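Before any comments, here is the structure.
Nothing in this text is a laboratory measurement; each read-out follows from the coordinates by a stated rule. This one's a predicted model, so the numbers in the text were calculated from it and none came from an experiment. Positions of Cβ are backbone-derived with ideal geometry, glycine not excepted, and every protein chain shown enters the neighbour counts.
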């Protein structure tokens with residue numbers, strides 16, 4: 001086992017999948033010669049050449065459109081959107097074309113495509129390099145939405161995404177690219193199925209549901225409050241669509257209290273779906289109202305550092321929310 | 001149309017009462033306002049007058065039964081008149097818009113509305129309600145530790161755990177066969193005797209009687225139960241601390257010598273209790289924190305000084321009538337109220353509202369010779385002053401031994417509200433007031 005960071009795990013997954021299947025290719029802005037602005041594709045250009053590691057024009061619509069066409073032709077494209085903030089020009093291609101292809105062709109045509117996009121703030125990126133976009137896509141049947149929170153999961157889930165016959169939105173918490181490190185087997189091939197959530201910390205007093213960077217923070221907050229005698233269970237959702245309702249409800253059955261944490265703003269955010277799931281199927285297990293801790297309802301993550309701190313959910317804010325709920 | 005007789009709400013916080021005696025039998029005629037039934041609440045006994053003239057058609061609540069305020073106790077009407085079905089009648093109680101006819105008396109409250117939430121239990125979460133139903137838990141027996149004292153899931157689970165353990169203990173006991181009980185020597189007795197006995201035992205399954213020592217179990221009266229509840233509740237709620245000082249009663253004694261005859265002339269028996277109450281008022285004005293209640297929101301310092309005084313009842317038990325706004329009464333005024341309340345307390349004539357709203361209590365345990373005691377706080381108050389017997393004792397005054405009428409004052413306070421320093425300051429003011437009583 002070697003300890004690597006999140007972005008290296010993603011690079012390894014792509015490298016291994018390209019080596020395993022020559023239909024796999026990467027397309028995106030600066031992914032080739034430059035190796036990606038976050039260095040996620042470093043070395044791939046040299047190893048697989050310009051036909052499998054394609055530098056695209058600055059046009060997300062094109063990146064995804066090319067991906068869909070190639071996928072229909074039997075290829076396995078990995079489209080990189082440099083920042084999730086830039087994904088909107090490709091929104092129509094993703095939602096109206098990729099997501100609906102199998103359905104509208106009655107199973108005759110598939111789009112086995114992965115769209116990778118770094119998301120999230122807290123990196124001084126301001127309005128256009130900090131957005132969380134998962135809620136838009138988790139609303140669309142026909143897409144799968146995956147958000148890893150650690151290197152091991154990222155590698156295993158990305159490999160599954162590449163092999164999945166459906167379009168998979170793979171959002172990567174960019175703040176954690178180099179911050180989050182973890183052990184990943186060096187020689188052992190593994191994948192992690194898309195779908196199942198994971199209980200990453202067992203506890204009795206309340207459940208925290210999170211994903212991506214917020215899951216990383218939730219674990220830290222759980223450690224903090226453990227010293228105060230609050231025993232928190234943490235669930236890493238990992239896949240937002242299709243979501244693992246059983247694991248969520250099982251945890252609520254045990255703890256009877258739920259806190260949902262995400263960085264995206266509150267209203268219409270993904271947490272509402274989890275809250276609704278618990279309210280609908282777990283109501284009689286609840287000992288307290290379901291709580292959500294999310295970014296404030298402002299148009300974007302501010303650029304000013306203090307304002308960014310105000311926006312961002314962090315371990316302290318999570319610990320406070322845990323204390324409140326535990327005291328109920 | 002028959003008229004219903006309803007269990008009245010006999011005071012601000014009195015929500016239930018026990019029917020102690022029906023003064024009429026079914027079929028007897030009765031006049032409006034004629035006493036019909038005796039009701040005992042945790043505070044007082046009282047007679048309920050008839051709400052109408054007619055015949056007592058049906059008694060719904062037998063003697064000895066305790067019911068909530070608003071419950072229909074009986075029906076009065078014309079002989080032979082049919083009375084509404086009981087369930088229907090109860091339902092009607094919950095629909096105030098239906099025929100607002102025969103409300104028996106203007107002070108009768110409306111029946112308690114079922115809001116789906118028990119205000120005594122607080123907020124009940126879905127999981128708590130489910131567990132209570134599945135496990136057949138009486139939630140009023142579960143102590144709440146959640147926000148604002150609500151019952152949490154953990155509280156119910158802990159309760160179930162305890163219940164299970166209690167059950168286990170009870171179940172395990174009979175497993176020891178009687179003939180193997182050590183020290184009985186049964187193993188060495190003739191088998192006929194052993195079996196005869198075991199058969200006999202089987203006929204009458206062993207009941208879990210307490211030790212069969214000779215004795216008598218006294219039934220718990222409503223008052224006994226309430227006293228027990230209040231005492232346990234108070235001791236569990238407030239950390240009690242008692243501080244004791246003594247007071248030289250010479251000046252009070254002198255004052256009373258002079259004033260007593262004058263008071264008697266006005267029909268007032270000037271007791272020491274009045275002096276103590278007056279001194280307490282002085283103390284409470286100096287240390288308002290002693291006239292307060294602990295609440296979760298904060299310490300509630302009461303503006304009014306309402307003094308309770310414990311009165312032992314001839315029938316056993318005690319009751320604490322309250323002198324409202326004691327700070328607004330003169331010494332004679334206090335004495336007059338003390339006479340009146342004590343007399344009516346002993347004859348069971350107190351009104352329910354007269355035993356409520358106290359902010360501080362005086363208990364005189366000296367009447368039977370007690371020197372000092374550690375009284376239990378009358379919740380939700382924060383302090384209670386106990387007065388011992390006033391007796392002449394040798395004391396040192398100006399480096400000489402003098403004989404003075406002395407009394408020990410035991411002040412028990414809630415240590416959440418008061419600390420030793422503030423409590424002693426209060427008590428010192430009481431002592432000072434007594435020792436420096438102006439001469440009449």
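Structure values in brief
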| read-out | value |
| --- | --- |
| Of all DSSP beta bridges in the protein assembly as shown, antiparallel share, percent nearest 5 | 60 percent |
| Cα extents of the range A:62-117 along the three principal axes, largest first (Å) | 33, 20, 14 |
| Principal axis dimensions, largest first and in whole angstrom, of the range A:238-289 by Cα | 27, 22, 16 |
| Mean Cα-pair separation over length for chain A, i.e. relative contact order, pairs under 8 Å, 6 or more apart, % | 16 percent |
| DSSP beta bridges in the range A:198-327 [antiparallel fraction, %, rounded to 5] | 20 percent |
| Estimated FRET transfer efficiency (residue A:250, residue B:136; beta-carbon r; R0 30 Å; 0.05) | 0.70 |
| For the range A:2-184, projected area of the alpha-carbon convex hull averaged over all directions, nm² | 9.4 nm² |
| Compactness of the range A:273-328, expressed as Rg and Dmax over alpha-carbon positions, Å | 14.5, 44 |
| Using alpha carbons only: equivalent-ellipsoid semi-axes of the range B:1-69, gyration tensor based, whole Å | 21, 12, 11 |
| The range A:198-327 - percent relative contact order, Cα under 8 Å, separation 6 or more | 30 percent |
| Residue mean of other protein chain beta carbons inside 10 Å, A:285-291 | 5 |
| Kirkwood hydrodynamic radius of the range B:351-440, from inverse mean 1/r over distinct Cα pairs, in Å | 14.9 Å |
| Cα pair distances of the range A:159-229 binned at 10 Å [whole percent] | 14, 38, 36, 11, 1 |
| FRET efficiency, 1/(1 + (r/R0)^6) with R0 51 Å, evaluated for residue B:343 and residue B:82 via beta carbons | 0.65 |
| Cα centroid separation - the range B:55-85 against the range A:286-314, whole Å | 62 Å |
| Radius of gyration, Dmax [the protein assembly as shown; alpha carbons; angstrom] | 39.5, 120 |
| Cα centroid separation - the range A:103-180 against the range B:213-270, whole Å | 76 Å |
| Share of alpha-carbon pairs per 5 Å distance bin for the range B:126-169, given as whole % | 6, 24, 33, 23, 10, 3, 1 |
| Relative intensity, log₁₀ I(q)/I(0), of the range A:198-327 from a Debye sum that treats every alpha carbon as a point, q = 0.12, 0.19, 0.22 Å⁻¹ | -0.41, -1.01, -1.32 |
| Compactness index (Cα Rg / 2.2 N^0.38 Å), the range B:277-410 | 1.15 |
| Cα centroid separation, the range B:129-169 to the range A:196-259 (Å) | 26 Å |
| Scaled radius of gyration (Cα, divided by 2.2 N^0.38 Å) that the range B:350-398 gives | 1.54 |
| Longest to shortest principal axis, alpha-carbon extents of chain A, angstrom | 58, 43, 42 |
| Computed label-point distance, nm, for sites residue B:296 and residue B:258 using a 7 Å Cα→Cβ extension | 5.4 nm |
| Theoretical gain in end-to-end length, residue B:213 to residue B:392 [0.36 nm per residue, Cα-Cα removed] | 59.9 nm |
